[in-house]
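Written out below as structure tokens is the structure these notes cover.
The values are calculated or read from the model by the stated rules, or taken from the named source; none is laboratory data. Everything numeric here is computed off the predicted structure, so don't read it as measured data. When we count neighbours, we look across all protein chains shown, and the Cβ atoms used for this are built from the backbone with ideal geometry, even at glycine. We work out accessible area using only protein heavy atoms, side chains counted, and drop any ligands, DNA or RNA first. Shrake-Rupley method; radii C 1.70, N 1.55, O 1.52, S 1.80 Å.
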Amino acid sequence: MKSLKIKFAMLVAIFSFQIVIAQKNISINLQQALQMAESNYPGIKAKQAQLNGSIAKISSARSGYLPEVSVMDQYLYSTNNGINGTYYSEGGMAIPTSGGVRKDDIYRPVWGSFTTLFVDWKFFTFGKVKAGVNLSRQEMDQANADYVNEVFQHKIKVADTYYLLLMAEKLTAAQEENLKRADAFRKAVNAYAQSGLRPGADSSYTNAEYAKAQISLTQSRQYERSLRYKLAELIGNSSSTISADTMDAFNKIPSNIFIDSTKINAHPILKFYQTEIEMSKTRTQIIERSFYPNLSLIGAGWARGSGLSNTDNSYNTDVASGIPYQAYNYMAGISFKWNLLNYAKVHYDTEFERWQTQRYQFLYDEQSLIIKRQIDDAEMQFNTALEQAQLAPLQLKSAKDSYAQTEARYKSGLASFPELTQSFYILNRAETDMAIAYSNVWRALILKSAAAGDINMIINNK
């Protein structure tokens, strides 16, 4: 009861959070984005539904231990002419007739009834049912591995998009500052030009630079909006007012985490491939056991009624004479059935499935090589991004100092307009490089997390 209350409170909290998001622009942190994606994204829900179905399939496989109990009841209006001899009922197309052999056929139909209860319990199947249950369990394990891998891969996409949006927001802020500088510079130069302290061409140049800064800001906002739409899609929310929480991402650099490439068996995608191998082995076992016979306990009881008298050849065509039961029977015994000539088919089917097992093993080995390469590549990219992020603040400080000095020299007439423009570009480039460098470190950490198969490398790196 307590767990149900906790689950209900969590659902209410998520629903309320989504309502708030839909109403206004709100910043969410990475952990909130990952939780919303796991709860809302349709592709993950589809994998969860597949897992639930595989759980139900186990119960279906277990029903193979139960006996088959069949009941049949029929009422017929037919003739009953008979003839001596044998015939074969091909798929039930030959209809059996129970009646006397007479000199002349009688075509007056009578009513008849037949009711039977049949029990067939395959009490010994040489492990066929058990193997079927094991296969259902492994199908559930595969569905669970597929679900876990889907959640993991989707969270990697969400995290990457989240940090791209962080970078885009930072780039937009940098372009906004760049536009403010361009506007202030434009106004100052226009004032100098109007007073005759600067040539009129400088005023035209500053207007062009201001327009260029406006274009850069527009492009940056367009890129940011596009990433908002993508993040909203990935977390299963239709709102486009979501923004990433920039509190920590650009205040510190994430710490490096060592990945042991020899211990990658816990990677979600490798677990999925491992379930393919195990399922193929179990299918081989099922095929092998399909050659073995079945031992069944059988029992039946039946009753018949007929409008034809069982003492003479008299006919009663009314329903009341044909429907009531006149004879009762029962039987019990053991049945043994073995298709001996099925050996060749079973042999080649088994050989085929063993080759399939090898195929899945090779695919597993291939994926292991890919993951090991991804770990090495992610480590290299992280170290490179880390080095660039450590240098970015120095670049930004130098660019700010250079711009301030060049601006002062321009105002005092010691620097030309092209020199000032160059320092203007360098400062803007340093601000954007700073945002990109810090974002690239976090995105390189995401690559390491994807290669290691551990999303906690990102969540816990605070």
Self-check item: Formal net charge of residues neighbouring GLU351 (Cβ-Cβ distance under 15 Å; K, R +1; D, E -1)
Solution: +2
Quiz item: So what is the calculated 222 nm ellipticity per residue for the chain, using -39500 (n - 2.57) for each DSSP H run with n of 4 or more, over all residues, to the nearest 500 deg cm²/dmol?
Solution: -22500 deg cm²/dmol
Practice problem: For region 289-399, report the convex hull volume of the alpha-carbon atoms normalised per residue, in Å³, without decimals. | Solution: 328
Practice problem: Report, largest value first, the span of the C-alpha coordinates of region 131-240 along each principal axis, in whole Å. | Solution: 95, 19, 15
Practice problem: For region 97-177, take the alpha-carbon Rg, divide it by the Kirkwood Rh, and send me Rg/Rh. | Solution: 1.67
Quiz item: Helix 200-234 versus the longest principal axis of the chain: what angle, 0 to 90°, nearest 10, using Cα atoms?
Solution: 20
Quiz item: Hey, quick one: spin label on LEU295, modelled 7 Å out along Cα-Cβ, who in region 95-132 has an amide N within reach, i.e. under 16 Å?
Solution: 121-130
Quiz item: If the viscosity is 1.306 mPa s and the temperature 10 °C, what translational diffusion coefficient in µm²/s does Stokes-Einstein give for region 313-462 when Rh comes from Kirkwood over Cα pairs?
Solution: 66
Quiz item: What angle do you read, to the nearest 10 degrees and between 0 and 90, between the alpha-carbon axis of helix 30-40 and the longest principal axis of the chain?
Solution: 30
Quiz item: Considering only the other residues whose Cβ falls under 15 Å of the Cβ of TRP302, what net charge follows from Lys and Arg at +1 and Asp and Glu at -1?
Solution: -1
Practice problem: Quantify, in whole percent, the carbon and sulfur part of the accessible surface of the chain (1.4 Å probe; protein heavy atoms only). | Solution: 57
Exercise. Quote to one decimal, in nm, the extra length available between SER60 and GLU387 on full extension: 0.36 nm per residue of separation minus the C-alpha distance between them.
Key: 111.9 nm
Practice problem: Give, rounded to the nearest 20 debye, the magnitude of the charge dipole that region 318-462 has about its Cα centre when Lys and Arg contribute +1 at Cβ and Asp and Glu contribute -1 at Cβ. | Solution: 280
Quiz item: So, with +1 on the Cβ of K and R and -1 on the Cβ of D and E, and no other charges, what is the size of the charge dipole of the chain about its Cα centre, to the nearest 20 debye?
Solution: 860
Quiz prompt | Packing-based ranking, highest mean first, of 436-446, 62-72 given that Cβ atoms within 10 Å are counted | solution = 436-446, 62-72
Self-check item: Percent RCO, i.e. relative contact order, over region 318-462, from Cα pairs under 8 Å lying at least 6 residues apart
Solution: 29
Practice problem: Just the ratio, please: alpha-carbon radius of gyration of region 114-154 over 2.2 N^0.38 Å, N its number of residues. | Solution: 2.08
Quiz prompt | Cα Rg, Dmax (largest Cα-Cα span) when computed across the chain, Å | solution = 39.9, 138
Quiz prompt | region 306-358: chymotrypsin sites (Phe, Trp or Tyr not before Pro) falling in loop per DSSP and having at most 14 other Cβ within 10 Å | solution = TYR325, TRP338
Quiz item: How big is the Rg/Rh ratio for region 34-162, C-alpha atoms only, Rh by Kirkwood, two decimals?
Solution: 1.37
Quiz item: Kirkwood Rh over Cα pairs of region 398-462 into Stokes-Einstein at 37 °C, 0.692 mPa s: D in µm²/s?
Solution: 230
Quiz item: Three principal axis extents, largest first, for the C-alpha atoms of region 27-82, in Å?
Solution: 87, 27, 14
Quiz item: Using a 1.4 Å probe, what is the accessible area per residue for the chain, in Å²?
Solution: 59
